[in-house]
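Just so you know, all these numbers are worked out from the coordinates, no wet-lab data involved. Bear in mind that the values here come from a model prediction, so they are computed numbers and not experimental data. Cβ: placed from backbone, ideal geometry, glycine included. Neighbour counts: every protein chain shown.
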Amino acid sequence: MSTKHFINDPDHLVNTALHSLTLTNPSLAFDEQNKIIHRRPGYASQVSIISGGGSGHEPSFGAYVGEGFLTAAVAGTIFASPNAEQIYKTIISKVEREKGILVIVMNYTGDVLNFGMAVERAKSSGLNVKMLVVGDDVGVGRERSGKVGRRGIAGTILVQKISGALAARGASLDEVYRVARLTADNIVSLGASLGHVHVPGREIIDPDPSCALESGKIEIGMGIHNEAGTAQVDISLPELVKVMLAQLLDPNDLDRAFIKMDSTKVALLINNLGGVSSLEIGGITSEVIIQLEKNYRIKPIRVLTGTFMSSLNGLGFSISILKMVNINIEDLSMLQLLDDASEATGWAAPIRKTTWEREPIATSR
């Protein structure tokens, strides 16, 4: 666990990081008092999409505000949900309300409670608001998660991207919510980490000493807030990926078979939790794709790799698999929405649709 930071004041750190988003994307504005990043007025009328959560998961969620993605994002302190008042102010004053508002949050108690209270208050004021809770993490299976359900992790970004693209195309709130729900229902994710992370400004104590990782161990299923995983193992990367893909895709694992992978049309997202080198992320991506093709006969039609949802400087990664399904909209597909352009600075997907679909030209050895 690295405990050295350039900025040790957590409040100053969060506010300056959020402010920086307006410097890299001039279409954004920052409400410092309420920690809200939002699009500046002047964009075409559309369904507004709001998200947010604790800080420390950058680029989630502020860097996903922009054309073709989120309309606004509200931040809490590091690893803590924003309060209901912050969220309510986002809904009533920072986004266009005429065509309705979709609020997308990850399945964590604080987020669900605070966003839920703000949404209900907005509804009582006469606003047309819907809320979607995303839980894509298979690390905690059905038996252990119980009524609480799965945690939300990096797969949430795919739900937000597809929803934002559909909203930008002028779809209604009901349509955007339906497709967002359909997308969330067809994503599975799982993470693995080499250790817990240290939160700037906090005392250096492992949150649960009984869960501390021994040297050389990898924790499968660790959450993005240092939550304990399901197993600590001492295995090679190929063995680790094999275990992770089995938990994601094995139809015989009744505790975790959340989607029926009856289609080979999938998008793959390899997410860096913040502290893994680009070199290693490349090696991890190759291993995942090799095993998907060899063991599951799945060749992803889109591959996204990078830091999409971090856990500060976490030494870990997560795998998210999105099954592409029919969204029942004429002349439009989930893949097209994923491919649609966006000005969100956190969305690292530079390869155009035409490049993905072009037949590779053979090269000489």
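For the chain, hydrophobic long helices are taken as DSSP H runs at least 18 Å long by C-alpha position along their axis with mean Kyte-Doolittle hydropathy of 1.0 or more; these are 155-168.
Kirkwood Rh over Cα pairs of segment 102-202 into Stokes-Einstein at 37 °C, 0.692 mPa s: D in µm²/s?
Numbers: Rh = 15.1 Å.
Translational diffusion coefficient: 218 µm²/s.
Considering only alpha-carbon pairs that sit under 8 angstrom and 6 or more positions apart, the relative contact order computed for segment 250-305 is 47 percent. For segment 166-267, the list of trypsin sites (Lys or Arg not before Pro) that fall in a loop by DSSP and count at most 11 other C-beta atoms within 10 angstrom reads K260.
Remark: for residue pairs K35/K353; K242/K299; K4/K161; K323/K353; K217/K294, the C-alpha separation exceeds 23 Å in K35/K353; K4/K161; K217/K294.
On full extension, the segment bounded by H19 and E293 gains 94.4 nm, given 0.36 nm per residue less the C-alpha separation. Taken about its Cα centre, the chain carries a charge dipole of roughly 740 debye when the Cβ of each Lys and Arg holds +1 and the Cβ of each Asp and Glu holds -1.
For segment 4-48, applying the loop criterion from DSSP together with a ceiling of 16 other beta carbons within 10 Å to the trypsin sites (Lys or Arg not before Pro) yields K4.
Scan segment 260-365 for GluC sites (Glu not before Pro) in coil per DSSP, keeping those whose Cβ has at most 15 other Cβ atoms within 10 Å, and list them by number.
Values: sites: E280, E287, E293, E330, E343, E357; in loops: E330, E343.
Here the sparse-neighbourhood loop sites are E330, E343.
Percent of Cα-Cα pairs per 10 Å bin, from 0 to the last occupied bin, for segment 14-184, please list those. In order of increasing distance, the bins hold 11, 42, 37, 9, 1 percent.
Once you keep just the Cα pairs under 8 angstrom separated by 6 or more residues, what percentage relative contact order results for segment 271-365? Please report the intermediate quantities before stating the final value.
Details: 77 pairs, mean separation 33.2, N = 95.
Result for segment 271-365 is 35 percent.
Helices in the chain, meaning DSSP H runs of at least 4 residues, each add -39500 (n - 2.57). Divided by all residues, the mean residue ellipticity at 222 nm is -9500 deg cm²/dmol.
Note on segment 208-365: Kirkwood radius taken over Cα pairs, Stokes-Einstein applied at 37 °C and 0.692 mPa s, translational D equal to 187 µm² s⁻¹. The separation of segment 259-306 from segment 70-118, counted between C-alpha centres, amounts to 31 Å.
A simple charge model with +1 on the Cβ of Lys and Arg, -1 on the Cβ of Asp and Glu and nothing else charged puts the dipole of segment 14-184 at about 320 debye relative to its Cα centre.
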